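One structure is given below, encoded as structure tokens.
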């Protein structure tokens, strides 16, 4: 059964789900994994979220999928990813997330 990414809302086709990492569980409160609600994300969206936000920001400001979808820092990315079939992307952490982890 195909999976829909909770962030970009792209459908991940059945034939790609053989790759165990193409769809990933994202903890909305990453530092509270045992009790955190989770959502299923395609690999690019999961990578992008963790490249753009610190765990503290995710916990304090972006602890719902709606908050992530409306985040200004993800707007251009979401517009772009919705128009592609890519299931693997390269991301680099900005200085703000790299040094604050």
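Would you call residue 49 part of a loop (DSSP other than H, G, I, E, B), touching a helix residue (DSSP H, G or I) at 6+ places or on another chain (Cβ under 9 Å) and under 22 Å from residue 2 (Cβ atoms)? It is false that residue 49 is part of a loop (DSSP other than H, G, I, E, B), touching a helix residue (DSSP H, G or I) at 6+ places or on another chain (Cβ under 9 Å) and under 22 Å from residue 2 (Cβ atoms). Looking across segment 83-100, the residues that are surrounded by 11 or more Cβ atoms within 10 Å (Cβ to Cβ), modelled with pLDDT under 75, under 17 Å from the mean Cα position of the chain (by Cα) and part of a loop (DSSP other than H, G, I, E, B) come down to 93, 94. When segment 33-46 is filtered for residues that are free of Cβ contacts under 8 Å to residues at least 40 places away in the same chain and either surrounded by fewer than 13 Cβ atoms within 10 Å (Cβ to Cβ) or assigned to a strand (DSSP E or B) (or both), the ones remaining, listed by number, are 33, 34, 35, 37, 38, 39, 40, 41.
Taking the criterion of being touching a strand residue (DSSP E or B) at 6+ places or on another chain (Cβ under 7 Å) and more than 24 Å from residue 88 (Cα to Cα), the residues of segment 28-63 that qualify are 33, 36. Which of the residues that make up segment 53-75 are under 15 Å from residue 30 (Cβ atoms) and part of a loop (DSSP other than H, G, I, E, B)? Once the filter is applied, which keeps residues that are under 15 Å from residue 30 (Cβ atoms) and part of a loop (DSSP other than H, G, I, E, B), segment 53-75 yields 53, 54, 61, 62, 63, 64. Here residue 30 passes the criteria (1) modelled with pLDDT under 90; (2) under 17 Å from residue 78 (Cβ atoms); (3) in contact with a helix residue (DSSP H, G or I) (Cβ under 7 Å, 6 or more places away or on another chain) except the one numbered (2).
I'm checking my understanding of the structure. Among residues of segment 1-27 that are modelled with pLDDT of 90 or more and assigned to a loop (DSSP other than H, G, I, E, B), which one is surrounded by the fewest Cβ atoms within 10 Å (Cβ to Cβ)? Across segment 1-27, the extreme among qualifying residues is 9.
The values are calculated or read from the model by the stated rules, or taken from the named source; none is laboratory data. All figures in this text were calculated on a predicted structure; none of them were measured in a lab. All Cβ positions, even for glycine, are placed from backbone atoms using ideal geometry, and neighbour counts span all protein chains on display.
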